[in-house]
Amino acid sequence: METPILIIDDDQELCALLAEYLGTQGFAVAAVHDGAEAVEHLQKHSYSALILDIMLPGMQGLDVLRKLRERSATPILMLTARGEDTDRIIGLELGADDYLPKPCNPRELAARLRAILRRADSLGTQTSAQTSVGDTILDRGNRSAEYAGTPLQLTSAEFNLLAVLIAHAGDVVSKDTLSEEGLGRPLSAYDRSVDVHVSKIRKKLAEAGGDKLILSVRGAGYQFVSPTGN
């Protein structure tokens, strides 16, 4: 069965090329070429993942991302201009799951999409549906999380990383491990994805009353602790 994905990019030639290649890789590809149109389209249609270009006519890609994250946790892979680190970081902070610079290699794009979807699937089908540490509860069955009864509105990548941290609660988890197990890809040099996602998780936990649950261990990684330190 083909996996439905949507490309949101105003470069129609690129969309056609990507759709042709991804179609051979098991994806059913649709495309929208305008930001506002994409937001409206996604109110009526659902996809397993989205590919979103940052540079769009009318409503910019980051604005589209912000709108989508208000109501959806669908995995989103951003396409950014090469060298635009600021856009990448802002995109991750707004809830994007991953990014690739343009022009991108279609083969790498397909691999990144599979990694995003594989992590969502594997973490959603583990034997133990619920895991808890202190007042933090993860439900892998419906991919939801809460702290002290308050739902945490996590993106797909944030849920994956929190699941890894909670699975290793009390232990320091390296950024390499978090990237491999949470994002489905090796951590590359200068890649701040893990740091940005963890920062967002911390903020959402703190807003629910769970402050200082994820510790930074300089030069080593991150550690999830219960309120009692267990």
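Brief remarks on what is shown
- Options Leu62, Leu6, Leu68, Leu17: the member that is within 17 Å of Pro101 (Cα to Cα), at pLDDT 90 or above and either under 19 Å from the mean Cα position of the chain (by Cα) or buried (at least 17 other Cβ atoms within 10 Å of the Cβ) (or both): Leu62
- Residues located in the range 161-181, provided they are small (Gly, Ala, Ser) and touching a strand residue (DSSP E or B) at 6+ places or on another chain (Cβ under 9 Å): Ala163, Ala167, Ala169, Gly170, Ser174
- Number of positions in the range 1-30 that are without any contact (Cβ under 8 Å) to a residue 40 or more places away in the chain and not in a helix (DSSP H, G or I): 7
- Long-range neighbours under 6 Å by Cβ, at least six apart or interchain, first residue closer than 16 Å to Ile90 by Cα within the range 44-61, second polar (S, T, N, Q) and not in a loop (DSSP other than H, G, I, E, B): Ile54/Thr80
- Some residue of the range 129-142 being under 24 Å from Tyr99 (Cα atoms) and outside the structural domain of Arg66 (by TED's automatic domain parsing): no
Conditions tested, residue by residue: (1) more than 13 Å from the chain's Cα centre (by Cα); (2) of a type in the set (Val, Ile, Thr); (3) exposed (fewer than 15 other Cβ atoms within 10 Å of the Cβ).
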residue	(1), (2), (3)
Leu94	no, no, no
Leu113	no, no, no
Ile116	no, yes, no
Arg119	no, no, no
Ala148	yes, no, yes
Ser188	yes, no, yes
Val196	no, yes, no
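- Residue count for the range 160-201, restricted to those that are hydrophobic (A, V, I, L, M, F, W, C), touching a helix residue (DSSP H, G or I) at 6+ places or on another chain (Cβ under 7 Å) and part of a helix (DSSP H, G or I): 10.
- Pairing each residue of the range 210-223 that is over 15 Å from Leu178 (Cβ atoms) with any residue that is of a type in the set (Asp, Glu) and modelled with pLDDT under 95, provided the two are 6+ apart or on different chains, yields C-beta distances under 8 Å for Gly210/Asp135.
- All positions within the range 96-110 that are exposed (fewer than 14 other Cβ atoms within 10 Å of the Cβ) and either modelled with pLDDT under 90 or of a type outside the set (S, T, N, Q) (or both): Pro103, Arg107, Glu108
The values are calculated or read from the model by the stated rules, or taken from the named source; none is laboratory data. Nothing here was measured: the structure is a model prediction, and the numbers come from that model. Glycine gets a Cβ as well: all are built from the backbone with ideal geometry, and neighbour counts include every protein chain shown.
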